[in-house]
Structures are given as C-alpha cells and as structure tokens.
1. Would you please put 96-102, 204-210 in order of how densely packed they are, using the mean number of other Cβ atoms within 10 angstrom per residue and starting with the highest?
2. Output the relative contact order of the range 7-243, whole-number percent, from Cα pairs under 8 angstrom with separation of 6+ residues.
3. Counting alpha carbon pairs within less than 8 Å and at least 6 residues apart, what relative contact order, in whole percent, applies to the range 154-249?
4. In whole angstrom, and with the biggest value first, how far do the Cα coordinates of the range 178-249 range along each principal axis?
5. With everything on Cα atoms, drop me the angle between helix 63-77 and the longest principal axis of the chain, reported from 0 to 90° to the nearest 10.
6. Set the Förster radius R0 to 25 Å, insert the Cβ-Cβ distance between Glu101 and Ser165 as r into 1/(1 + (r/R0)^6), and round the FRET efficiency to 0.05.
7. Which FRET efficiency value, to the nearest 0.05, do you get for Leu207 and Asp71 by plugging their Cβ-Cβ distance into 1/(1 + (r/R0)^6) with R0 = 35 Å?
8. Using the Cβ atoms and a cut-off under 13 Å, what net charge is assigned to the surroundings of Ala39, where Lys and Arg are +1 and Asp and Glu are -1?
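Derivation of every value follows stated rules applied to the coordinates shown; laboratory data play no part. Source: prediction; values computed, not measured. Quick reminder, even Gly has a Cβ in these numbers, built from the backbone with ideal geometry, and neighbours come from all protein chains shown.
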Amino acid sequence: MRLENKTAIVTGAASGFGRAIAQRFAAEGAKVAIVDMNAEGAKTVASEIGAAAIAVTCDVSKGSDVQAAVDASLQAFGSVDIVMNNAGWSHKNQPLLDVDEETFRRVYDINVLSIFHMTKSIVPHFRARGGGVMINVGSTAGIRPRPGLTWYNSSKGAVHLMTKSLAVELAPDKIRVCALAPVMGTTALLETFMGLPDTPENRAKFLATVPLGRLCDPEDMANAALYLASDEAEFLTGNILEVDGGRTV
C-alpha cells in the first residue's frame with residue numbers, strides 16, 4: 001500500500017473531492033482525519049472508513065479551529081505526514097460587480113486564509129519531525145480564468161502562487177508543497193461554477209471545451225492526490241498538477 005503507516009489531514013472531507021481523497025488515502029494504508037464544518041457529514045465519512053479515520057469539526061477560515069484540528073489529529077495519530085488543503089468555496093457565476101464584499105471575503109477566507117492558518121499550525125510539527133507533505137487544491141480557474149468567476153479565479157491564482165512560494169521556502173526543511181488544479185467537477189458546486197442550470201445542453205457546451213470530453217470526477221482527484229502524497233513523488237515540490245482533461249492546454 002502506497003501510504004502505509006502514514007497519517008493525513010484532509011479538509012473539506014465530508015463530501016466531493018475531499019471525501020474521495022480521504023477514502024483513497026485510507027484504502028492505501030493511511031490514517032485520516034476527516035476535517036469539515038459539516039460535523040455529521042464528517043462523522044459519516046469517518047464511519048464509512050472505519051478505525052483508520054477520525055472526524056473533526058472545523059471552520060478552516062478560523063485559525064483557532066485549524067489549530068484545534070491539527071492538535072486533535074496529533075493526539076489521535078501521534079504524528080501527521082500529509083496535509084490536504086481541499087476545503088473551498090465559490091461565489092456563483094455572475095458579473096464581477098454583482099459580488100458583494102462579504103461574499104468576496106468569504107471566498108478568500110475559505111480558499112486562501114485557510115492555507116495560511118494550516119501552514120502556521122502544521123509547519124512547526126513538520127519541521128520537528130523532519131519533513132512532511134502539503135497539497136493545496138487550486139483550480140484551472142487560476143490558470144485559464146473565464147468571465148463570471150473573477151474573484152474566485154483570483155483566489156485560486158493566489159493558491160497556486162502561495163504553493164510555489166511555500167515550496168521554495170520550506171524545501172530546506174524537507175517539506176514538499178504541491179497543488180492540484182481540477183477542471184469543473186461532479187460536486188455540489190457544479191451549478192455555482194456553471195452559472196446555468198445543469199441541463200444536458202449546458203453541460204454539453206462546457207464539455208466541448210475539455211479535450212477528453214468529461215468533467216473531473218472525485219476519483220480523478222483522489223488518484224492525483226495519492227501520487228503527490230506518496231513517496232513516489234519525493235522529488236516533486238512547487239508543482240501545480242492540472243487534473244483537467246486538457247482544459248488548460
């Protein structure tokens with residue numbers, strides 16, 4: 001198993017990409033903290049996984065919550081090898097001037113500030129143990145932005161640059177930092193991103209822009225995350241891995 005005897009924290013793991021990633025990590029031998037604001041959802045996923053998982057309720061936009069989640073994971077597992085910053089949110093697809101400041105701040109609090117909080121909480125532990133892996137979830141929106149999601153696009157661009165900067169600064173500590181950039185996925189945020197009802201006709205229009213002709217499934221993200229988290233990727237840091245079916249080519 002590719003993550004045997006390793007431990008991981010996965011945020012936003014009660015559903016979507018995070019759930020699939022946590023399940024795949026566990027299937028590959030890792031103990032996993034299912035971290036999410038949705039307490040019941042986190043408990044459900046942890047129960048599905050079994051003894052290798054714990055559920056932790058956490059608002060990733062709050063530093064105290066993130067620190068508590070790290071502390072709970074350390075108490076349960078003794079050490080943490082991998083952190084998956086997956087939790088994310090978007091305003092709906094709409095003209096940029098229609099997005100109010102409260103919504104803008106929420107996008108940045110969940111997508112960007114959360115990584116600041118996790119870095120402050122986990123890096124001291126990674127340094128003490130001699131290394132670790134952090135994987136952030138960016139987006140093709142941060143590479144090939146399109147109208148209607150300007151503020152979300154910019155938050156994911158920040159995630160990508162933060163990933164690269166963290167990678168070079170933390171490399172002497174043997175801490176690898178990479179990111180995944182998925183195309184629109186089959187998750188609860190699908191209609192938010194599309195800005196249109198998810199009808200067969202509207203979906204077909206979007207799929208025509210993806211060379212491989214489909215959306216990103218949670219399993220696609222789980223497979224990519226598994227590789228970056230594993231020792232097979234020990235010489236990779238600062239990479240933004242596009243999980244996009246060719247969308248950003």
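1. In descending order of packing, they fall as 204-210, 96-102.
2. So the answer I get is 21 percent.
3. Once normalised by length, the contact order is 42 percent.
4. Between the extreme Cα coordinates on each principal axis of the range 178-249 lie 43, 24, 17 Å.
5. Roughly 50 degrees, rounded to the nearest 10.
6. The formula returns an efficiency of 0.40 here.
7. Details: r = 43 Å, r/R0 = 1.24.
After rounding to 0.05, the efficiency reads 0.20.
8. -3
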